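Comments concern the structure below.
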Amino acid sequence: MKKSVLTFGAAAAALAMTVPMSAVAADAQRYSGDNRYETAIQVAKAFGTADTVYLARGDEQVDAVAGGKLPTGPVLLVSENAGVRALVKSTIADLKATQVIVLGGEGAVSDATAKAVSGSINYERLAGANRYETAVAISKKLHPADGDGSKVYLANGMTLVDALVGGQIRNDGPILLTNGSGTLPASTAAEIKRLQPKEVVALGGKSAVTESELSAAAKLGKGDATEAKAKAEADLLKAQREAHMAVEGWYTVDKGTDLKAFATKAGLSDPAKKAAVETTFPKVLLSDIAKVADTEKIFSVDGAGAPGTETEALAAAKDTTDAKTYKGLDKIYDAVKNDSTKSETEKGKFFMNLAQAKDAVAAADKAKNDGPTQAAIDKYAASAKEMRIGGNTRFETAALIAEAAYPGGKDAKFVYGANGTAFADASVAGYLDNKAELQGPVVLVSKETAPLVTSEYVKNVEAKNKAVNDFKGIGGKGVISDAVLISLDTLLD
């Protein structure tokens, strides 16, 4: 199956370019505390109130990351420490939460801790025997119905960074985890099979989610039936046109003229006709080009080094099927039957060739009119569409995911920055857009530098959404310096 890959452009190829720094007196905008637990609390306080609060282990962020697609509330990080428990319990009370959902098993967040911070609120746990199964439990919470066709995002559960920023893609499906080994974890494979996704999107490069993992995941899904039928119909249309070309001949449109330009010159205003031409382009039927002016040099001409007009192409037409302009069996037979140098046996051979080609035309016309068989449709519907959002670095991947989630900053209120290696703070960022007033893309930075791809994304937001004026950091100065935040915030002014 053809794969699509998102790329960020030439500017994104430069790695870890340093943003000019200057001494700053004032603290930059950020959500931060003295440690990861207090930083998560500061992010949660930005919600004001929240009906639902998620709890995740603070010293191992995999469950918080996998839960980034969960809706409606913030995540709070917890530990067995009594002081942390007290702070989290107070925050849940301040948020006026009525529901607490624990991410991960007792090895991640013990019942004792969950009870201590939830107080009188009954808590629910989403957990499995390992990180992969916990991601599956979260997926089932989000998508309880079997076979709902939800898009699935596949991320590496060992490195986490791509899954971390993937939480900001809110629209249509869970994040499931793999390990980069080339084989899907059994629980992940089973969940994909249950969901029957129409599309599987790998988050990160091929070393994070391998080609074999992406392909295996896609084969567990099912293609969109409407799209599958359209592809099968396109196959029939192409076969029909190729059958007619064998009899009627063809021109080859020169590589300097694309389909759009040809359609304009040929007067192909009918979308259906243009779609038909596209199936065999740059080869076109003689009937496709009836309106092209004879002064237009848009055709490849046999024996010529430059494109020529229709007349020039037709004059150079050959009777071999590797020709740029092919006469077609109709014209070839007309010439042969009137050729006194040809024997009756030779003429009979050409006649049989033409008769067989016309039978092929009739069969192709009938197949097109009858429509695709179910088997032909099933061929395209047997596997989900494969796609990848991945760059050469985690910073580039994050920028690509941000663009996919918030193209040009559309609908964003802020742009957020998290340290690309300090996952504890970054893991809470995926929950920010659970509140409409806080929504916005999350990009990655280093403590003292902003990669060029990050700066380019921020510049793109500034150019396309003037309402976004603030860049905010997640974490203290120990993970993101004031200078980095200020330099990126300046790009939004």
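Odds and ends about this structure:
- Each of 332, 169 was scored by other Cβ atoms within 10 Å of its Cβ. Arranged with the fewest first, they read 332, 169.
- Sequence of 325, 159 once ranked by neighbouring C-beta atoms within 10 Å, starting from the fewest: 159, 325
- Prolate/oblate/rounded label for region 149-195 (Cα gyration tensor, a/c 1.5): oblate
- The chain: antiparallel DSSP beta bridges as a percent of all, rounded to 5: 15 percent
- Cα gyration tensor shape of region 33-127, rounded if a/c is under 1.5, else prolate or oblate by comparing a/b with b/c: rounded
- Nonlocal amide H pairs with residue 299, under 5 Å, H built at 1.01 Å: 254, 308
- Unit Cα scatterers, Debye sum, the chain: log10 I(q)/I(0) for q = 0.05, 0.06, 0.13 Å⁻¹: -0.30, -0.42, -1.13
- Exposure proxy ranking for 120, 150, based on other Cβ atoms within 10 angstrom of each Cβ and starting from the fewest, stands as 120, 150.
- Remark: region 444-452, residue by residue, has Karplus-estimated 3J(HN,Hα) of 10, 9, 9, 4, 10, 9, 10, x, 4 Hz, where x stands for each Gly or Pro and the curve is 6.51 cos²θ - 1.76 cosθ + 1.60 at θ = phi - 60°.
- Couplings 3J(HN,Hα) of region 86-98, computed from phi: 5, 4, 5, 4, 5, 5, 4, 5, 5, 6, 6, 5, 10 Hz, in residue order, whole Hz [Karplus 6.51 cos²θ - 1.76 cosθ + 1.60, θ = phi - 60°; x for Gly and Pro].
- Taken about its Cα centre, region 46-111 carries a charge dipole of about 220 debye when Lys and Arg each add +1 at the Cβ and Asp and Glu each add -1 at the Cβ.
- Over 19 Å (Cα to Cα) - which of 96/435; 331/358; 231/327; 198/413; 89/447; 151/472 fall in this group: 231/327; 198/413; 89/447; 151/472
- Shape call, region 227-377: gyration tensor on alpha carbons, a/c limit 1.5: oblate
- Near residue 55, the amide H atoms lying under 5 Å from its own belong to 76, 101, 102, 103; only residues 5 or more places off or on other chains count, and H is placed 1.01 Å from N.
- Across region 410-424, computed HN-Hα scalar couplings (Karplus, 6.51 cos²θ - 1.76 cosθ + 1.60, θ = phi - 60°) run 4, 6, 7, 9, 9, 10, 10, x, 10, 6, x, 10, 9, 5, 4 Hz from first to last residue, x flagging Gly and Pro.
Values quoted throughout were computed directly from the atomic coordinates according to the rules given, and no laboratory measurement underlies them. Model, not experiment: these values are computed from the prediction. Note that each Cβ is placed from the backbone with ideal geometry, even for glycine, and that neighbours are counted across all protein chains shown.
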